[in-house]
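FYI, it's all coordinate maths here, none of it is from the lab. Worth saying up front: this structure is predicted, and the values here are computed from it rather than measured. Quick reminder, even Gly has a Cβ in these numbers, built from the backbone with ideal geometry, and neighbours come from all protein chains shown.
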Amino acid sequence: MAGEHIIDLKHVSKSFGDKVILDDINLYIRKGEFVTLLGPSGCGKTTTLRLISGFLAPDEGEILLDGKDISGIPPYKRPFNTVFQRYALFPHLDVYDNIAFGLKLQKVPQDEIEKRVKRVLKLVSMSDYEDRDVESLSGGQQQRVAIARALVNQPKILLLDEPLAALDLKMRKDMQIELKEMHKKLGITFIYVTHDQEEALTLSDTIVVMNEGKIQQIGTPIDIYNEPVNCFVADFIGESNILKGRMLRDRRVAFIKHEFDCVDEGFGEDVPVDVVVRPEDIYFTTDPARCQFKATVNSCTFKGVHYEMWVDTDTGYELMIQDYDPYPVGSEVMLYIDPDDIQVMHKERTRNVFEGKMADETHVEMLGATFECLPQPGLAAGDKVRVEVRFEKVDLLDHQEDGVVAGEVHFLLYKGDHYHLTILTEDGDHIWVDTNDIWDKGDLVGVNIAPEDLKISKSDEA
Amino acid sequence: MKKFFAQAYIWILLVLLYAPLVFIAIFSFTESRVLGNWTGFSTRLYANLFTGDMQGSSSLISAVENTLLIALISALVSMLLGTIAAIGIHNLRGRKKQAVTFMNNIPMINPDVITGVSLFLLFVFLHISQGYLTVILAHISFGTPYVVLSVLPKLTQMNPNIYEAALDLGATPRQALWKVLVPQLRPGMVSGFILAFTMSLDDFAVTFFTRGTIGLDTLSTYIYTDARKGGLTPELRPLMTLIFLIILVLLIVINVRQAKAKKTA
Amino acid sequence: MKRSHWSIPYVVFLTIFVVLPLVLILVYAFQDGSGHFTLANITKFFTDSDALGTFAVSIEVAIENTLICILLGYPAAWILANKELNRSAVTIILFIMPMWINALMRTLATAELFNMLGITLGKGTLLFGMVYDYLPFMIYPIYNVLNKMDKSYAEAAQDLGATPWEVFWKVTVPLSMPGVSSGIMMVFMPTVSTFAISEFLTNNKIKLFGTIIQENINSSMWNYGAALALIMLIIIGISTLFTDERKEAEGGLI
């Protein structure tokens, strides 16, 4: 049973206009699993859910239910039911008629409808509310009715589209527990969409982390938390210190200008990598023999259960540490990290690579604009070229109109001593930038690159 | 297929709806005094309309002037009165607010005939001789509720702190009103004005009952009397055609501007 | 001065020009020519077979007109609000535009068209002309409600197993009722009360209730005219009781 797939998505892609929402998604869901699609808004998680429920059709690829393609089946014939984001309870019907809606359509006998509605109302602890007008219910109560309305049809899969997003924190926590219990009791498959990583970690058997239309990582909550495969996942799930590093050899990695033992192998020797260390995995010690590096505490904040401290290392990096005991600001501390707690990741890229075209000997067209470059002997106007730019060589300017290309800060990571930004240009291209300046997500920026920092070579395909 | 039938249905309805208007427009380009009798293409009726060279021309032209003047004055007064009223209503609470809102709704629910008859009785009762003034007062009474309803939503959408913010930054209440409040309300005031203006242009029944016996004619009462005399003055054909065109162009311009504003917002 | 006091001038204005006139209808309806209280005007209506007949015809025409407008207008509004079937804003403007043109002018144009086509003016042309005049007022509020309706209701119904046809009848139609009732208000009442329009469309053969009110007022029978107006007011009062959700449908004419 555990291995049986109920849903398979194979090479599924979906675009709206020229905007690619899902790009070659491959995913399977096991029978009885609680699967969460997790990601920031616009990552494609809701689109994936709507493809499964049948409100959207994939442009490419297929969706299988129990091994059979269901592309041609309209939503009303699919054995799934959805709990909608804002519940979508019918305002012209009372609680009972909302829940009985699906059963009446199936021409289920009256007395059985009544039995099943009562049973499901009891399941969501709303037994006395049958005759209530849905608009007179609180958010939490509407939520329960929406769940009851979906469950009463005994779907093979329950789809939930950010069902708790509209509730306040306390209510959300309570409902999480109830949902988890319902899943256990009913034994059906739940596919849950959320942008709340904590919710995903609490509820799921399996988490599918998505970003920009691609699946970033699939795994159990523990895998995802402890072994993120890339910076995006590490940053999105929980708090983390993400740092530039260098894999020296198997089980030996250097970062923050110190060397550490780790458990990762197979990266090769002297390879640039990214390193993730969770703030609760950096330990204080008083034993000089255990100390791996020293640091000065520069802030300490009480967070309820633990203290959150920022420290400056003796090598000039900033790290976040969480501990149950506070250390005074200004004190010098000794720190160490267990090899187990160092997560080493392949670098997704080490520099920007753009495709472009020579405009003339000293100008290259790329990113929808023309950049000045050093004279390129041997390249003629019109030649297709590959342009490499190091992350730290991209200049960001305060005003969009001052740059050669205009863009917006799309994503940012603090890497201990600098920021790594993703700039989304107006044409939809990505530029990655390392900078010491502080920017915020959504800032509008102009992008400039000095002529001497463009490394141009003839494109292979030309 | 479904789309084809849907489109066909829509266009058949539109053709039916517009047939009479098109019919009038076509026959505005012939000289015949009797509608439906095509006597060859001519722009003579248009020329007559603009030079005023026709039978009873002075009364038609003065009817057009009256219509525009009454609409302009009553819509302006409605806009001022309605905006001030909306600010007041917005700041009322509970029962009082309900009562004023209810009163504001009455002129909109009332059929024209009732509004006309009741105002007629009022002017008779108060011994006010009917004419220009009474027609304008009557038009203000049915135009202002539309201004109130256009301005109120702007007040609810407005951040309640911006007026206080202006005062906090050193504006006098008068400056805060003109420099902060009014600019925020302007879109609502403008659409209220346009609504009141067109309501006034459109009106026949209320004008009919409140214009008295001094021979005051607006375009609608002129057409009414004219049609009762048997047969429309031919020059009304080009006039109606022009009015259709102006309204169509206005509506399209307003909608295109709105669509653009939405896109850039 | 408190800001709520800004409503005072308007309240005074409404009292004089809206409330007092309506009270005067009531007063005049129960007075005779010399200002004494009487029920004669009311009893006159109920014994006057002409007036009663006109009243019945008005109600009949109004009901028929309203029904035809719903039957023709609902599908049109639905198509206009459906993004897959209609993407052009111009068709919507074309449907709204007649609302902005003087009804008298449009009626005369229609009557002239009938004349030219040689169609005898009567009940048929009256209904046709009425539908022509009032159809946009039915389409617009229904379109407004359908256009603003949250798509997730239809999706939720589909998700629960409703076919597109069932979605339409069990969700879309019930949820668009505020638009329909607002459309009914905007068509039924004006039809009953209209005057001039019916005379032109039937060549004076059929009179509607609005016309006899006008005739009485014009021939200085103010008290009887007021009584008739009072009866119409009562009908309006009754029909507003059935339709209290009109506001959300009407907002945003431009």
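Under the definition of partner shielding as Cβ atoms of other protein chains within 10 Å of a residue Cβ, what is the mean value for peptide C:187-198?
Values: counts 0, 0, 5, 4, 1, 2, 9, 5, 8, 10, 1, 0.
Averaged over the peptide's residues, the number is 4.
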The alpha-carbon pair-distance distribution computed for region C:19-59, with 5 angstrom bins and whole-percent values, is 6, 21, 20, 19, 20, 12, 2
For A:Lys384, the aspartates and glutamates lying under 17 Å Cα to Cα, once residues fewer than eight places off in the same chain are dropped, come out as A:Glu355, A:Asp360, A:Glu361, A:Glu365, A:Glu372, A:Asp460, A:Glu461
The set of residues whose placed amide H lies less than 5 Å from the amide H of A:Val394, leaving out same-chain residues fewer than 5 positions away, is A:Asp434
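Using Cβ contacts closer than 10 Å as the measure, can you line up A:Tyr283, C:Tyr224, A:Tyr324 from fewest to most? Intermediate values should be presented prior to the final figure.
Working: A:Tyr283 15, C:Tyr224 24, A:Tyr324 8.
Sorted ascending by nearby Cβ count, the order is A:Tyr324, A:Tyr283, C:Tyr224.
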For B:174-182, A:407-415, ranked highest to lowest by mean beta-carbon neighbours within 10 Å, the order is A:407-415, B:174-182
The answer for A:Gln217, listing residues at least 5 apart or on another chain whose modeled amide H is closer than 5 Å to its amide H, is A:Val209
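Taking beta carbons within 10 Å but only from partner chains, what does the mean come to for residues A:70-78?
On the way: counts 0, 0, 0, 0, 3, 7, 10, 3, 3.
Average neighbour count from other chains, rounded to a whole number: 3.
Between their Cα atoms, which of A:Lys122/A:Lys156; A:Lys31/A:Lys122; C:Lys123/C:Lys148; A:Lys104/C:Lys151; A:Lys170/A:Lys347; A:Lys14/A:Lys415 are more than 28 Å away from each other?
Details: A:Lys122/A:Lys156 20 Å; A:Lys31/A:Lys122 25 Å; C:Lys123/C:Lys148 37 Å; A:Lys104/C:Lys151 22 Å; A:Lys170/A:Lys347 39 Å; A:Lys14/A:Lys415 33 Å.
Checking Cα-Cα distances, C:Lys123/C:Lys148; A:Lys170/A:Lys347; A:Lys14/A:Lys415 exceed 28 Å.
Just to be sure I follow the rule: in chain B, considering lysines 8 or more places apart or on different chains, how many pairs have Cα atoms under 23 Å apart? Numbers along the way, then the final one.
Values: B:Lys96/B:Lys154; B:Lys97/B:Lys154; B:Lys154/B:Lys179; B:Lys154/B:Lys260; B:Lys154/B:Lys262; B:Lys154/B:Lys263.
Lysine pairs, 8 or more places apart or on different chains, close enough: 6.
Given C-alpha coordinates of region C:145-249, what is the ratio Rg to Rh with the Kirkwood estimate of Rh?
Details: Rg = 20.4 Å, Rh = 16.7 Å.
For region C:145-249, the value is 1.22.
Can you give the mean number of other chain Cβ atoms that lie within 10 Å of the Cβ atoms in peptide B:234-245?
That average works out to 2.
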When the charge dipole of chain B is computed with +1 at the Cβ of Lys and Arg and -1 at the Cβ of Asp and Glu, the Cα pointing farthest to the positive end, of B:Phe102, B:His127, B:Tyr224, is that of B:Phe102
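Cα gyration tensor of region A:350-462, axes a ≥ b ≥ c as square roots of the eigenvalues: rounded (a/c below 1.5), prolate (a/b > b/c) or oblate? Please list the in-between numbers first.
On the way: a/c = 2.21, a/b = 1.86, b/c = 1.19.
Since a/c reaches 1.5 and a/b is larger than b/c, the shape of region A:350-462 is classed as prolate.
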Computed over region C:53-135, the distribution of all Cα-Cα distances in 10 Å bins, rounded to whole %, is 16, 38, 34, 11, 1
In order over region A:216-225: 3J(HN,Hα) from phi, Karplus 6.51/-1.76/1.60, θ = phi - 60°, whole Hz, x for each Gly or Pro, gives 8, 7, 10, x, 6, x, 5, 4, 5, 6
Magnitude of the Cβ-charge dipole (Lys and Arg +1, Asp and Glu -1) of the protein assembly as shown about the Cα centre, nearest 20 debye, reported as 4780 debye
Once the in-chain neighbours fewer than 8 apart are removed, the aspartates and glutamates whose Cα is under 15 Å from A:Lys118 read A:Asp94, A:Asp97, A:Asp128, A:Glu130, A:Asp131
Semi-axes in Å, largest first, for region B:62-233 (Cα gyration tensor, √(5λ)) are 36, 17, 13
Cα-based Rg/(2.2 N^0.38 Å) for chain A, rounded to two decimals, is 1.17
note: the protein assembly as shown, Cα-Cα separations exceeding 49 Å make up a percent value of 45 percent
Note to self: Kirkwood Rh of chain C, Cα pairs, one decimal, Å, is 20.8 Å
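Based on the mean of other Cβ atoms within 10 Å per residue, sort peptides B:142-153, C:138-149 so the most packed one is first.
Working: B:142-153: 25.6, C:138-149: 23.0.
Result, highest mean first: B:142-153, C:138-149.
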